[in-house]
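For reference, the structure discussed in these notes is given below.
A short reminder: the numbers here are calculations on the coordinates, not readings from a lab. Note that the structure is predicted; figures quoted are calculated from it, not measured. Methodologically, a virtual Cβ is constructed for each residue, glycine included, from the backbone with ideal geometry; neighbour enumeration extends over all protein chains shown.
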Amino acid sequence: MPEPMLRLQGINKRFGALEVLKGIDLDVARGEVICVLGPSGSGKSTLLRCVNLLEPPEQGEIFLEGQGICKGPDSGTGEQSWELDFVRQRVGMVFQQFNLFPHKTALENVTMAPEKVLGQAAAEASAKGTALLERVGLADKLGQYPQRLSGGQQQRVAIARALAMEPHVMLFDEVTSALDPELVKEVLDVMRELAEEGMTMIVVTHELGFAREVGDRVVFIDEGIIVEQGKPADVLDNPREERTKKFLGLVLER
Amino acid sequence: MGEFFNQYFDFDVMGAHFSEVLEGFLRNLLLFAVVVVLALSWGLILALMRQLPGRKLLPIRGLTIAYIDVLRAIPILIIILLISGGIPYLEFLPKEIRIPQWFGQPDPFWFGVLALTLVYGAYMAEVYRAGIEAVEPGQMEAARSLGMSHGQAMRHVVVPQAVTKIPAPMLNEMISLLKDTTLVSVIAYAESVLIGREILAERFNSSAIILAGAMFLVITLPAARLVDYLIRRNQGKVARGAHIEVG
């Protein structure tokens, strides 16, 4: 078996007395699309934030392309370290609330990190950024400020912004949950294309249709542990665990 | 009643001493202009030191918080007296620092600059902090997730947004600073109030002090209106759900 893109071993994360992740083991193969389902408060988002060290885990080890990246609870918070550079330049993240920089145009949002972090020349970053925004269907919005864009457009800028760092893994944290229903599809379409191009993706989502169609594997998390995982059809249509059944029942009722 | 008016609103006295008082007021403005630049910079440095991340830098954060708290808790007058009374006796310092008379300004001016910068740096650091904390935490996270260091994220993402949220409270601090430049009269800086008091001693009439107060009003009243305008404009933007634009 080839080396996994990402390997999580015994990840524990607590916020004070609250234990959010209670020993997560997960291997993600290169090019695999993993959809993470689970009730709110189950630890899905925290898991993503552990992977890129926004919330460094208390215990456990994370291997990214074979490199151990966890250096204890201070991993992500302190001054810039080798691990942080290694992780943040290989792992892109897209957030539920977009988190675009409101004082920068769409194009500037995309070019800022390549210029400041990778040291790309302005012209090069701008050409690449323009191409990325074209790819997500926003060629006509380069000079717009985020507040003038719809939620779906903002989220597509955010995806382009993450892609500009040429990541090897993309993390999506409920990226359609804050969108009006009619705007969800345009974002999922971009993600689907990305998956087809072979990007390794971990997608926290409530979109069962997307998980079924695009996901290689579905992981169901509840109360900080992986309850069940497998092929989307198996987990979604024939869940073995009571907790999975109950959750899927609640989601499908909507 | 007439006696009161003669004592405080004698326009003949005001007219006779107008140019002296104005000269003093210009010294208030000069002191203000130098301090406002230094304090805005020092305040930002303090605010950034207070926001440094990680466990290793905890001592720097602690010292910064202690500095800001203590300097805001002591009357400015005492700081001014301590500095002007203390520094000349620090014999390990060169004479140019113990008795600074740079750019043709007397040493009370420079002691005033130092004291007011130290104190107003602390006040302004708190205003910057309010602005920094008003920026969505997701902004810092997004910047960090893109590989920026804490410093890069502060410089390119957080601070540019923070400063657009604080013009009104910062202007309030500046109004206070302009008024507090009169405190330096206590160490014989010949600003408007000191000159007013000299005229009082000479002519047994307080009108020159009132004249000095009127000169402050000319600047501070419109500034107070401007603060109100900025607050209302800001509230309007928030109510419309828009971000505040840097331009």
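If Lys and Arg each add +1 and Asp and Glu each add -1, what is the summed charge of the other residues whose beta carbon sits under 14 Å from the beta carbon of residue B:125?
0
What does the charge add up to near residue A:174, with Lys and Arg as +1, Asp and Glu as -1, over the other residues with Cβ less than 11 Å from its Cβ?
-1
Which Rg and Dmax, in Å, describe the Cα atoms of segment B:181-237?
16.4, 54
Please give the contour-minus-distance gain from residue B:155 to residue B:60: 0.36 nm per residue of separation, less the Cα-Cα distance, rounded to one decimal in nm.
Computed gain between residue B:155 and residue B:60 is 32.3 nm.
Can you give the relative contact order of chain A as a percent, counting alpha carbon pairs under 8 Å and 6+ residues apart?
With pairs under 8 Å counted, the relative contact order is 25 percent.
Relative to 2.2 N^0.38 Å, what does the C-alpha radius of gyration of the protein assembly as shown come to as a ratio? Two decimals please.
Taking the Cα Rg and dividing by 2.2 N^0.38 Å, one obtains 1.30.
Can you tell me the length gained on complete extension of the stretch residue B:93 to residue B:232, counting 0.36 nm per residue apart and subtracting the Cα distance?
Result: 45.1 nm gained on full extension.
Which longest run of chain B has no exposed loop site in it, a site being GluC sites (Glu not before Pro) in a DSSP loop with at most 12 other beta carbons within 10 Å, and the site itself not part of the run?
Here the longest run is B:92-244.
Nearest 500 deg cm²/dmol is fine: what mean residue ellipticity at 222 nm does chain B get from its DSSP H runs of n ≥ 4 alone, each adding -39,500 (n - 2.57), divided by its residue count?
-24500 deg cm²/dmol
Using a cut-off of 12 Å between beta-carbons, work out the net charge of the residues near residue B:47 (Lys and Arg +1, Asp and Glu -1, residue B:47 not included).
Result for the neighbourhood of residue B:47: +1.
If Rh is defined by the Kirkwood formula over all Cα pairs and Rg also comes from Cα, what ratio Rg/Rh do you get for chain A?
We get a ratio of 0.96 for chain A.
Which angle between 0 and 90 degrees, to the nearest 10, do you get for helix B:58-73 versus the longest principal axis of chain B when only C-alpha atoms count?
Approximately 30 degrees, to the nearest 10.
From the mean inverse distance of alpha carbon pairs (Kirkwood) and the Cα radius of gyration, derive Rg over Rh for segment B:34-149.
Computed over Cα atoms, the ratio is 1.09.
Which three extents, in angstrom, do the Cα atoms of segment A:23-154 have along their principal axes, listed largest first?
Taking the Cα atoms of segment A:23-154, the three principal extents are 46, 35, 28 Å.
Between segment A:22-59 and segment B:5-57, how far is it from one alpha carbon centroid to the other, in angstrom?
So the separation of the two Cα centres works out to 54 Å.
In angstroms, what radius of gyration and Dmax does segment B:2-246 have, counting Cα atoms only?
21.7, 73
Do the alpha carbons of any pairs in A:44/A:231; A:22/A:246; A:13/A:141; A:13/A:246; A:116/A:141 sit beyond 30 Å of each other, and which pairs?
Too far apart for the 30 Å limit: A:13/A:141.
Dividing the Cα convex hull volume of segment B:126-222 by residue count, how many Å³ per residue is that?
107 Å³
Enter the Cα centre distance for the pair segment A:178-200 and segment A:93-130, rounded to the nearest angstrom.
Rounded to whole Å, the Cα centres lie 20 Å apart.
Could you work out the relative contact order of chain B, using alpha carbon pairs under 8 angstrom and six or more residues apart, expressed as a whole percent?
Once normalised by length, the contact order is 31 percent.
For residue B:7, project a label point 7 Å along Cα to C-beta. Then give me every residue of segment B:186-217 with its amide nitrogen under 18 Å of that point.
Under cut-off, by backbone N: B:196-213.
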